[in-house]
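Q: Structure provided below as structure tokens; questions to follow.
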Amino acid sequence: MNLRTPKSGLGLRVGIVGLGLLLTALYLGCGRMPEEGFWEPTAEDSTAIDAVIQANKDLFLSGFDEGGLAHADTVMPGTTATRLRNEIDESPYKQRFRVDSIRHHFYFPNDSQDLVYTFAANTNLDTTINDTTCTATLAESIPGFLEMHVYSYTRFVKVDTFVPSPGETLLLDRYDTLFSDTSLVIQKTLWGASTNGCVLRKENGEWKLWKVAGGSRFYAPTPDDAPYLAYLYLTNGETEYELQLRPDTLQYGISRFYDLGEENTEDSVINSLPCFSVGDSIYVRSLATTVLDCANYIYFNGERHEFKASDKIALTQAGVFRLFVEQVPIEVLYEAAGKPFEQGDEIEGNYVAVAWGIAIKVIE
């Protein structure tokens, strides 16, 4: 197998947290007490907030980078022999390939994956109850590459010469109209960005994680290039949740914040995360998107699952977790954009995708 190693200097994955401290007041009965002065966080607040964010960073970092090349369905939507046959007939000037395993590589600045943040604050205090909260917005810039094992491809044949106008010469690489067996690993450049969020609350002088966003949003290379994922249905076969991109009072919006307190049980609907039980097996039943031909994957606890009911995710532990749903336009997984493989090009185009990091709660 010919493993093409990544070029150096592709950069680092950097996690940046922008914190806006908003002190909200609770009002009891009629009337409103006069506002108090501007509140400024102390160094102790900053240290405590940082400790909470760091202790829970697994809830915020994008987590769909596999530990190694993992099997991918070789009969993905749109990559059937008929589709590729038609595309090759329309244009033999693109190299195509078929993959049977893929891997995302994310770069980290260091082993601790520290999050760096700044914050500002103001306040509006009630004289009876002082409710101090910190709303955190997290953003990741993620460079890396998508690694793919190719098991068949269209061979480079020759260079065709065209003269579109006098004095102008155009050279195009022509590829075979049939697939040939091979075994090599290619890469596509990955550069994505992810946003996430949470709310902390100060109780009895101690900062605690209070709410988390319904989901993180990852786009590569930009939201305009990636598929537009509008909503999806997450289910255990009995209970089903409709997860929306935008906040919604009737459905779960991944842009909303949801309580993590004990009040969030199976019967709590509006203010709690999608809730399942230990022993459940969950899957995404369907989704709404602008790109119909996509490879859809679900990542949970470091494992990738196919987007189908037969490949369900078993929930074995109670807690709050992130489940990542990824959509990759199938052209990314069968179309090369660099030099012919035979010429040893390292990078064969760009990775394009959208991924939601959905927060779910699992109870005993």
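Q: Answer yes or no: is there a residue in segment 300-307 that is free of Cβ contacts under 8 Å to residues at least 60 places away in the same chain, part of a strand (DSSP E or B) and within 19 Å of L243 (Cβ to Cβ).
A: yes
Q: Which members of segment 293-349 meet the condition of being modelled with pLDDT under 90 and basic (K, R)?
A: Once the filter is applied, which keeps residues that are modelled with pLDDT under 90 and basic (K, R), segment 293-349 yields K308, K339.
Q: Can you name every residue in segment 240-255 that is open to solvent by less than 10 Å² (accessible area, probe 1.4 Å) and in a loop (DSSP other than H, G, I, E, B)?
A: The one that is open to solvent by less than 10 Å² (accessible area, probe 1.4 Å) and in a loop (DSSP other than H, G, I, E, B): I254.
Q: I'm trying to understand the selection: among the residues of segment 325-342, which are among the β-branched types (V, I, T) and in a helix (DSSP H, G or I)?
A: The answer is I330, V332.
Q: Now a separate question. Identify all residues within segment 36-60 that are in a loop (DSSP other than H, G, I, E, B) and at pLDDT 85 or above; write none if there are none.
A: Within segment 36-60, N56, F60 meet the criteria.
Q: Would you mind stating whether L69 is at pLDDT 80 or above and touching a Cys at 6+ places or on another chain (Cβ under 8 Å)? Can you show your working first?
A: Values: at pLDDT 80 or above: yes; touching a Cys at 6+ places or on another chain (Cβ under 8 Å): no.
No; evaluated as a whole, the condition is false for this residue.
Q: I would also like to ask the following. Can you tell me which residue in segment 190-228 is modelled with the lowest pLDDT, limited to those that are β-branched (V, I, T) and surrounded by fewer than 20 Cβ atoms within 10 Å (Cβ to Cβ)?
A: V199
Q: Sort out which residues of segment 85-137 are at pLDDT 90 or above, open to solvent by 50 Å² or more (accessible area, probe 1.4 Å) and either among the hydroxyl-bearing types (S, T, Y) or at positive phi (or both), and write them in order of number.
A: Selection gives Y93 alone.
Q: Residues that are more than 30 Å from F64 (Cβ to Cβ) and touching a residue at least 60 places away in the same chain (Cβ under 8 Å): which strands (runs of 3 or more DSSP E) entirely in segment 120-239 hold 2 or more of them?
A: Ranges flagged: 130-165, 168-203.
Q: Among the residues of segment 62-84, which ones are open to solvent by less than 30 Å² (accessible area, probe 1.4 Å), among the aliphatic types (A, V, I, L, M) and either farther than 19 Å from A355 by Cβ or part of a helix (DSSP H, G or I) (or both)?
A: L84
Q: Follow-up. May I ask you to say which residue of I347, I363 is crowded, with 17+ Cβ neighbours inside 10 Å and either of a type in the set (A, V, I, L, M, F, W, C) or free of Cβ contacts under 8 Å to residues at least 40 places away in the same chain (or both)? Reasoning before the result, please.
A: Numbers: I363 fails: crowded, with 17+ Cβ neighbours inside 10 Å.
Exactly one residue qualifies, and that residue is I347.
Q: Does any residue in segment 254-277 that is at positive phi and of a type in the set (S, T, Y) come within less than 7 Å, Cβ to Cβ, of a residue that is surrounded by 13 or more Cβ atoms within 10 Å (Cβ to Cβ) and modelled with pLDDT of 85 or more six or more places away or on a different chain, and which pairs are these?
A: No pair meets every condition.
Q: Right, something else. Checking V163 against (1) in contact with a Ser or Thr (Cβ under 7 Å, 6 or more places away or on another chain); (2) surrounded by 16 or more Cβ atoms within 10 Å (Cβ to Cβ): exactly one of these is not met. Which one?
A: (2)
The values are calculated or read from the model by the stated rules, or taken from the named source; none is laboratory data. This is a predicted model, so every value here is computed, not measured. As a convention, Cβ positions derive from the backbone with ideal geometry for all residues, glycine included, and neighbour counts pool all protein chains shown. Side chains included, ligands, DNA and RNA excluded: accessible areas come from the protein's heavy atoms. Shrake-Rupley method; radii C 1.70, N 1.55, O 1.52, S 1.80 Å.
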